[in-house]
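J.: Submitted below is the structure of interest, expressed as structure tokens.
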Amino acid sequence: MNVSPARRPELLAAGAATVTVVLWASAFVSIRSAGASYAPGALALGRLLAGALVLGVICVVRREGWPPRPAWRGIALSGVLWFGFYMVALNWGEQQVDAGTAALVVNIGPILVALLGARLLGDAMPPRLLAGMAVSFAGAVTVGLSMSGGGGSSLLGVVLCLLAAVGYAGGVVAQKPALGHASPLQVTTFGCLVGAVACLPFAPQLVHEVAVAPASATLNMLYLGVFPTALAFTTWAYALARTTASRMGATTYAVPALVVLMSWLALGEVPGALTLAGGALCLLGVAVSRSRPSPGAGGERGAGGALGEGAGGEDAVCAEGAGLAGDAGRAEGVGLAEGAERAESAGRARGAVAGPTAGAEAAASGGNGTAD
């Protein structure tokens, strides 16, 4: 299949976003599994250290160097809010609720991204994007209600996931301007390093838990660092650099459906009816927010406008023609009057020489000739 050069960047960005969505969906399942052996802060630090190591090696091989100074503010903010705070809050929240619910609640973050992006970045807010996010938000609320009746611990998990969504939204909006000054790999690598530094207070806990944790939990932690962090955050940054923060945020609403499926297959967590209904609403919202208006309606309006312009033009031509005809008539009348006056004057002049009778006859003859 031949792809036009104009569409190639768009398709590459869509492919990068797809990789991100799939890997982030798997992260919710791995966090749920590794969280049984690692505390939230220790798991976040181990994941970030693994990701930073992989990203650092890639940067050295590619000779990326340090990001420019204008990019550091966005890198630092996204590192603290997204790589640091978000991951700790999400890990803690997933210990209170199942993986599918955590993913669904966290994905109210795109609404916050859209609001912050419009306010701080000047992102457009097309009606379809707003409608899609409203539908997805209804899905997230449905999931939250489905878990709130299970006791205080479940409600705490929902609150933690909501806090994670706030950190995620702030990190995305902070990261977007940085991508205008540095490459996606630089922004991801140094953001990951900043997040790791922010989580260093959990280092003693990580050292203790690595020594006693089963190999499967440690492998899950390493998987989180290499794939959902190093790879997925880089593909995310690549796609974000080529579209708006609001539209990228809406794309992540595809994560919950994948998480529900993966957690069912890998962890045996069968979601309830309300959770499934909320997931369906989230996916419906994605479809609405990513859709584009049909060109048919615009074409019909354009045709109607053209017809209106044509009718107006015809009226203008008729009016102009009438005006020209009137002007011609008035000009002709003025010419006749002037001719009669000149003939009468000539007659009077001849009469002064040839006599009164001859002058009157000449004037009468000249006047009748001009009138005809």
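The values are calculated or read from the model by the stated rules, or taken from the named source; none is laboratory data. None of these values were measured; they are calculated from a predicted model. Ideal geometry is used to build each Cβ from the backbone, glycine not excepted, and the neighbour counts take in all protein chains shown. The protein model used for the area step is the full one, side chains on, heavy atoms only, and it has no ligands, DNA or RNA in it. Shrake-Rupley method; radii C 1.70, N 1.55, O 1.52, S 1.80 Å.
J.: Within the stretch 265-276, can you find the residues that are closer than 18 Å to Val106 by Cβ and assigned to a helix (DSSP H, G or I)?
T.: Correct list: Leu267, Leu274, Thr275, Leu276.
J.: Determine whether Ala102 is in contact with a Ser or Thr (Cβ under 8 Å, 6 or more places away or on another chain), within 30 Å of Gly278 (Cβ to Cβ) and open to solvent by less than 10 Å² (accessible area, probe 1.4 Å). Write out each step before concluding.
T.: Working: in contact with a Ser or Thr (Cβ under 8 Å, 6 or more places away or on another chain): no; within 30 Å of Gly278 (Cβ to Cβ): yes; open to solvent by less than 10 Å² (accessible area, probe 1.4 Å): yes.
So Ala102 does not fit the description; no.
J.: Out of Pro177, Pro184, I need the residue that is without any contact (Cβ under 8 Å) to a residue 60 or more places away in the chain and within 26 Å of the chain's Cα centre (by Cα). Which one? Show your work before the answer.
T.: Working: Pro177 fails: without any contact (Cβ under 8 Å) to a residue 60 or more places away in the chain.
After applying the criteria, what remains is Pro184.
J.: Additional query: Do the conditions hold for Trp24, that is, is it under 17 Å from Ala266 (Cβ atoms), open to solvent by less than 60 Å² (accessible area, probe 1.4 Å) and either in a helix (DSSP H, G or I) or at pLDDT below 90 (or both)? Write out each step before concluding.
T.: On the way: under 17 Å from Ala266 (Cβ atoms): yes; open to solvent by less than 60 Å² (accessible area, probe 1.4 Å): yes; either in a helix (DSSP H, G or I) or at pLDDT below 90 (or both): yes.
Answer is yes for this residue.
J.: Something else about it: Quick check on Trp66: is it at pLDDT 85 or above, among the aromatic types (Phe, Trp, Tyr), open to solvent by 10 Å² or more (accessible area, probe 1.4 Å) and part of a loop (DSSP other than H, G, I, E, B)? Show your work before the answer.
T.: Details: at pLDDT 85 or above: yes; among the aromatic types (Phe, Trp, Tyr): yes; open to solvent by 10 Å² or more (accessible area, probe 1.4 Å): yes; part of a loop (DSSP other than H, G, I, E, B): yes.
Yes.
J.: Test Gly79 against the stated conditions and say whether it is in contact (Cβ under 8 Å) with a residue 24 or more places away in the chain, at negative phi and either buried (at least 24 other Cβ atoms within 10 Å of the Cβ) or outside any helix (DSSP H, G or I) (or both).
T.: Working: in contact (Cβ under 8 Å) with a residue 24 or more places away in the chain: yes; at negative phi: yes; either buried (at least 24 other Cβ atoms within 10 Å of the Cβ) or outside any helix (DSSP H, G or I) (or both): yes.
Answer is yes for this residue.
J.: Sticking with this structure for a sec: Give me the helices (runs of 4 or more DSSP H) completely within the stretch 183-246, filtered to those with at least 1 residues that are open to solvent by less than 70 Å² (accessible area, probe 1.4 Å) and hydroxyl-bearing (Ser, Thr, Tyr), ordered by residue number.
T.: In the stretch 183-246, the matching helices (runs of 4 or more DSSP H) lie at 184-198, 215-224, 232-240.
J.: Can you confirm whether Ser294 is open to solvent by 10 Å² or more (accessible area, probe 1.4 Å), farther than 26 Å from Gly51 by Cβ, polar (S, T, N, Q) and at pLDDT below 85?
T.: Details: open to solvent by 10 Å² or more (accessible area, probe 1.4 Å): yes; farther than 26 Å from Gly51 by Cβ: yes; polar (S, T, N, Q): yes; at pLDDT below 85: yes.
Yes; evaluated as a whole, the condition is true for this residue.
J.: Return only the number of the condition from (1) assigned to a helix (DSSP H, G or I); (2) open to solvent by 80 Å² or more (accessible area, probe 1.4 Å); (3) among the hydrophobic types (A, V, I, L, M, F, W, C) that Cys59 does not satisfy.
T.: (2)
J.: Can you confirm whether the stretch 209-228 contains a residue that is over 23 Å from Ala39 (Cβ atoms) and not acidic (Asp, Glu)? Write out each step before concluding.
T.: Of all residues in the stretch 209-228, those over 23 Å from Ala39 (Cβ atoms) come to none.
Looking for residues that are over 23 Å from Ala39 (Cβ atoms) and not acidic (Asp, Glu), one finds none in the stretch 209-228, hence no.
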